[in-house]
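The values are calculated or read from the model by the stated rules, or taken from the named source; none is laboratory data. The structure displayed is predicted, hence computed values, not measured ones. Cβ sites come from the backbone with ideal geometry, for glycine too, and all protein chains shown count toward neighbours. Quick note on the areas: whole protein, heavy atoms, side chains included, nothing else; ligands and nucleic acids left out. Shrake-Rupley method; radii C 1.70, N 1.55, O 1.52, S 1.80 Å.
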Amino acid sequence: MSLSLIEKKRKQLIELALTYGFSAKETIQCSQELDELLNMHLKEMIAFSKKKEDKPCTT
């Protein structure tokens, strides 16, 4: 998951909120899309962290 994609969606959300308002369907839809991107990123980070923890130490 690209952080730049998340940042782009966040900026889009701000623009929509300023243009149409916070409760407009376009704003809410964009907010939900951003939530999905953030959730996917979080899951990837957790999986990466677990992989790192599972590796045996080689010293």
Below 8 Å, C-alpha to C-alpha, sequence gap of six or more: please give me the relative contact order for the chain in percent. 33
Return the carbon/sulfur percentage of the accessible area of the chain, one whole number, probe 1.4 Å, all protein chains in place. 59
Roughly what % of Cα-Cα distances in the stretch 1-44 sit above 17 Å, to the whole percent? 29
Can you work out the accessible area per residue across the chain, with the rest of the protein chains kept in place, probe 1.4 Å, in square angstrom? 87
Counting lysine pairs in the chain that sit 8 or more positions apart or on different chains, with Cα atoms under 18 Å apart, gives 4
Between Glu26 and Ile46, what FRET efficiency comes out of the Förster formula 1/(1 + (r/R0)^6) with R0 = 30 Å and r the beta carbon distance, rounded to 0.05? 0.45
